[in-house]
Amino acid sequence: MKQSQINRLEMFQVTNDYLDTHNSVWNTIPVLGKYKNQFASIIEALKEAAGQQADARVFIGKSLQSLKKTIAEKMDILDDTLEAYAEDTEDAELLSKAQNSVTDYFKLPNEDFETKTKQMIGLLEEKATDMADYGMNVEQVEDAKIDLDRFLATRGKPRVYRVASSMATKEIDALLKEGGIVLERIDRVLKRFKRANSSFYNGYLASRKVIDN
């Protein structure tokens, strides 16, 4: 990869990480979840393309523990929605499964963490349509699935949810161009936070800056 390509990929990753960190601010906006998932998939395709080039200069991505924490935080938000639904429908069995905190996930050994997360994702997918009125949408679940696949790949294990995509065969320049287009769509949606949540919005703009090395 050229240095300019590496710099842009690093900006993509910083921006994606920022959105992950502030997931609770925007995750009830379905179209933004859709764009975010497209963006994350493009980043993963770029990393694979860089890896195929065996470019030792490319070192991008969260540590395993950091990624585990991000997944735990996202699952906590999803489980809270599931818990509210279970209470309203008086489903005691579902309620007992939904009462999980960030700590409940994060403290688990990695193998148990993977198993529990996959089980809860399956349950959330099963109930997603019924929970639409509670702010649940498919994109939120897809976001967690993308991160869990990253976690598995980081541990050297096969991805569970990866679906064959035309992105896998694209060149780095094409992927960077596509990522830029998706990012511009995210930019437009996030403008609603310019005054409503200026701290979040300004932080997002800062993450979007490409740093030349």
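Screening the candidates Arg195, Arg185 for the property of being part of a helix (DSSP H, G or I), modelled with pLDDT of 90 or more, more than 30 Å from Asn110 (Cα to Cα) and in contact with a helix residue (DSSP H, G or I) (Cβ under 7 Å, 6 or more places away or on another chain) yields one hit, Arg185.
Annotation note: Cβ proximity below 8 Å between a residue of segment 145-171 that is closer than 17 Å to Ile121 by Cα and among the basic types (Lys, Arg) and a residue that is at pLDDT below 85 and assigned to a helix (DSSP H, G or I) (sequence gap 6+ or interchain) occurs for Arg159/Ala153. Filtering segment 84-104 to residues that are crowded, with 18+ Cβ neighbours inside 10 Å, without any contact (Cβ under 8 Å) to a residue 40 or more places away in the chain and either outside any helix (DSSP H, G or I) or not aliphatic (A, V, I, L, M) (or both) leaves only Asn100.
List the pairs whose first member sits in segment 187-213 and is among the β-branched types (Val, Ile, Thr), whose second member is crowded, with 16+ Cβ neighbours inside 10 Å and part of a helix (DSSP H, G or I), and whose Cβ atoms are under 6 Å apart, counting only residues at least 6 apart or on separate chains? Final answer for the pair search is Val189/Leu32; Val210/Arg8; Val210/Met11.
The values are calculated or read from the model by the stated rules, or taken from the named source; none is laboratory data. Everything quoted here is computed from the prediction, not taken from an experiment. Cβ atoms come from the backbone with ideal geometry, glycine included; neighbour counts cover every protein chain shown.
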